[in-house]
Structure formats: structure tokens, C-alpha cells
1. Assess whether residue 110 counts as being touching a residue at least 24 places away in the same chain (Cβ under 8 Å), farther than 30 Å from residue 16 by Cβ and not in a strand (DSSP E or B).
2. Among the numbered criteria (1) part of a loop (DSSP other than H, G, I, E, B); (2) under 17 Å from the mean Cα position of the chain (by Cα); (3) aromatic (Phe, Trp, Tyr), which single criterion is violated by residue 157?
3. Within region 118-131, identify whether any single residue is within 18 Å of the chain's Cα centre (by Cα) and basic (Lys, Arg), and answer yes or no.
4. In region 121-152, which residues are under 19 Å from residue 187 (Cα atoms) and assigned to a strand (DSSP E or B)?
5. Please indicate, with yes or no, whether at least one residue in region 68-87 is without any contact (Cβ under 8 Å) to a residue 12 or more places away in the chain, acidic (Asp, Glu) and part of a loop (DSSP other than H, G, I, E, B).
6. State all residues of region 162-199 that are within 30 Å of residue 241 (Cα to Cα), open to solvent by 70 Å² or more (accessible area, probe 1.4 Å) and of a type in the set (D, E, K, R); if no residue qualifies, say none.
7. Looking at residue 59 and the list (1) at pLDDT 75 or above; (2) under 25 Å from residue 124 (Cβ atoms); (3) assigned to a strand (DSSP E or B); (4) open to solvent by 30 Å² or more (accessible area, probe 1.4 Å), which single condition is not satisfied?
8. Filter region 105-134 for residues that are of a type in the set (A, V, I, L, M, F, W, C) and either buried (at least 16 other Cβ atoms within 10 Å of the Cβ) or under 20 Å from residue 154 (Cα atoms) (or both) and give the result.
Amino acid sequence: MSSAVMEGPYDPRGYRVIARKRKSTTMCELSTVHADLDLDGGTVLVTADHEGFERGVWDLYLAVGAEERIEEVRFGRERARNIPPEGFSNADDRPLLNDYLVAYFTKGAGNLSIDSGGILHKSVPVVRSLGVAPDEDGRALAVLGLTREPEAEDEYFCTLDGAQEYAGRHLLPTVRLGDRLIGLRLPASAELVGATMRFTAVVDGARISLAVAGADFWPARLTGFGLSAERGGGLKIIEASRAATAKREITGPGSRAEGGGALRTLGATVRSVPVVGDVLAAGYRKVRGRRA
């Protein structure tokens with residue numbers, strides 16, 4: 001599905017979305033689903049879909065006009081604030097390379113293009129959450145494992161909902177913990193009880209939803225707030241007194257084993273990588289010392 005917003009006094013019935021295959025004469029027209037003219041704002045919202053693109057890089061255009069007066073316009077530079085600048089991908093589904101799709105905005109011009117089949121985005125690493133624990137300062141640290149070494153271009157974001165003053169999208173600070181291991185410092189505190197954190201990773205130019213595991217083992221009594229797993233992989237910051245109840249609700253016969261596995265995985269990682277062990281063990285000691 002693709003949508004575009006263009007400014008100008010145009011007739012929405014004269015809009016079509018065209019995709020042209022880069023370094024080729026191949027082109028295709030998407031099916032226009034909806035075209036809506038905003039007379040007050042001077043914009044047109046065009047929604048279109050397509051069953052699928054053959055392998056290649058496709059540049060998207062808006063064909064404006066009718067009959068002999070048709071102008072093709074690249075779009076994407078100006079877009080709604082709720083559209084992330086890194087675009088979208090189907091990397092969450094872990095598709096085969098030929099089925100891999102990345103809708104991205106080009107460097108420089110910022111226009112919308114689609115990479116079908118991993119032409120430019122050849123390999124996207126798997127990012128796996130190993131758990132969450134207090135760091136050396138007692139703050140929430142999510143430990144992530146990657147299938148390749150972390151790179152400076154990698155970015156991790158948290159969208160914070162339900163906290164009026166701090167709501168929005170935040171770039172998360174990272175700390176290198178070991179080979180193919182990083183930690184994310186999460187914006188969680190007792191002052192943000194009621195807020196929900198949702199996470200995304202941007203690696204190799206692809207946007208991936210990220211579910212942080214291990215919330216049911218967060219030491220709420222020591223830190224003064226609890227963490228509760230939400231559908232879709234988010235974490236809700238809850239009162240420490242509610243943490244035990246939330247843990248019982250999410251640890252049924254099946255999920256208890258899964259949660260225990262996540263904790264054992266984190267524990268094995270901590271023991272096998274001295275840096276991680278030092279950071280997390282120091283975090284527990286400091287937090288416990290403050291509460292003593």
C-alpha cells in the first residue's frame with residue numbers, strides 16, 4: 001500500500017501512482033484505491049496498492065493530469081510526521097531474500113522508493129532481546145543480541161505513549177556489552193508509571209519492530225516501579241505494588257517456561273561475557289544497596 005500527499009489545485013480524479021524500475025524501461029501502474037481532495041489545505045491524499053513488485057529497485061511517481069497533459073512527479077520528501085524517516089519493511093516476518101521488501105526514502109532528495117528482493121538492502125541482521133535488568137546506575141537496560149557486530153549506523157528507538165511531558169519518539173542511547181551484544185538504556189522510571197514503551201530497530205537501512213523480553217523478572221521492589229509486557233512487544237511501566245499481580249497474569253503454564261527460558265538465556269549470556277556480567281551485577285548491587 002502506498003499513499004502520497006501533494007500540494008496544488010489539482011483534480012484528484014487525475015491522479016495515478018506509477019512505479020518505474022530503476023535502470024530499466026519497465027514500469028507499472030498501481031491501483032488507485034482512494035483519492036481525497038482537501039480544499040482548505042490545498043492537498044490531495046492518494047491511496048493505491050499493488051499485488052507485488054518483481055525483483056529490483058522501484059522509484060514511485062505521482063502522475064498528475066489527464067489525456068495529453070500528464071506530469072510525473074517524484075514524492076516523499078514532504079510527508080506526515082507519523083511516517084518514520086527510515087520507511088518500512090517486512091523484515092519482521094524474516095522473509096527469504098527474494099521476498100524481502102523495503103520502502104525507503106532516498107538519500108539527498110528523500111523520495112519514496114521500494115527495494116524488492118534485497119538489491120540495496122542485501123542482508124538484515126536478526127536482533128533478539130535477551131532480557132532487561134538494572135544497569136550500573138540502576139536504570140533499565142535491555143540486552144540485545146545481534147547476528148553481526150553492532151555498527152555505528154544502527155539506531156534504536158522508543159515510542160513513549162501515556163506520558164504527556166515525555167511522549168513521542170526517542171533515540172535510545174546504547175552501550176557495547178560484548179561481541180554482537182549491546183544494551184539499550186530505556187526511559188523507564190517511577191515518574192512515568194502508566195506510560196507504554198514500544199521499540200523499533202533500524203539496522204542496514206531497514207526498520208524492524210523490537211520486542212523486549214524479560215519484563216516479568218524486573219526487580220520492581222528494588223527499583224520502585226514494575227514492567228509489564230504488552231501485546232506487540234511493548235513494555236508498560238506500572239506501580240511496583242502491581243508487578244507481582246502482572247507477573248501472575250502473564251505466566252501461565254506455557255508462558256512460565258518461556259519466561260524462564262528468557263531468564264536462563266540472559267543468565268548464560270551474563271556468565272559468558274564478563275562485561276555484561278560486571279554491568280548488570282553492579283546494577284543489582286547498587287539498586288539493592290539504595291533500598292537497604
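1. Working: touching a residue at least 24 places away in the same chain (Cβ under 8 Å): yes; farther than 30 Å from residue 16 by Cβ: no; not in a strand (DSSP E or B): yes.
Judged against the criteria, residue 110 is not a match.
2. Here residue 157 meets the rest and fails (1).
3. Kept after step one, since they are within 18 Å of the chain's Cα centre (by Cα), are these residues of region 118-131: 121, 123-131.
Of the ones still in play, those that are also basic (Lys, Arg) are 128.
Looking through region 118-131, at least one residue is within 18 Å of the chain's Cα centre (by Cα) and basic (Lys, Arg).
4. First, pick out the residues of region 121-152 that are under 19 Å from residue 187 (Cα atoms): 129-144.
Of everything in region 121-152, those that are under 19 Å from residue 187 (Cα atoms) and assigned to a strand (DSSP E or B) turn out to be 129, 130, 131, 132, 133, 134, 140, 141, 142, 143, 144.
5. Scanning region 68-87 turns up at least one residue that is without any contact (Cβ under 8 Å) to a residue 12 or more places away in the chain, acidic (Asp, Glu) and part of a loop (DSSP other than H, G, I, E, B).
6. 165, 169, 191, 198
7. (4)
8. Keep residues of region 105-134 that are of a type in the set (A, V, I, L, M, F, W, C), which gives 105, 109, 112, 114, 119-120, 124, 126-127, 130, 132-133.
Listed by number, the residues that qualify are 105, 112, 114, 119, 120, 124, 126, 127, 130, 132, 133.
The values are calculated or read from the model by the stated rules, or taken from the named source; none is laboratory data. These numbers come from a predicted model, not from an experiment. Quick reminder, even Gly has a Cβ in these numbers, built from the backbone with ideal geometry, and neighbours come from all protein chains shown. Accessible surface is based on the protein model in full, side chains and every heavy atom, while ligands, DNA and RNA are left aside. Shrake-Rupley method; radii C 1.70, N 1.55, O 1.52, S 1.80 Å.
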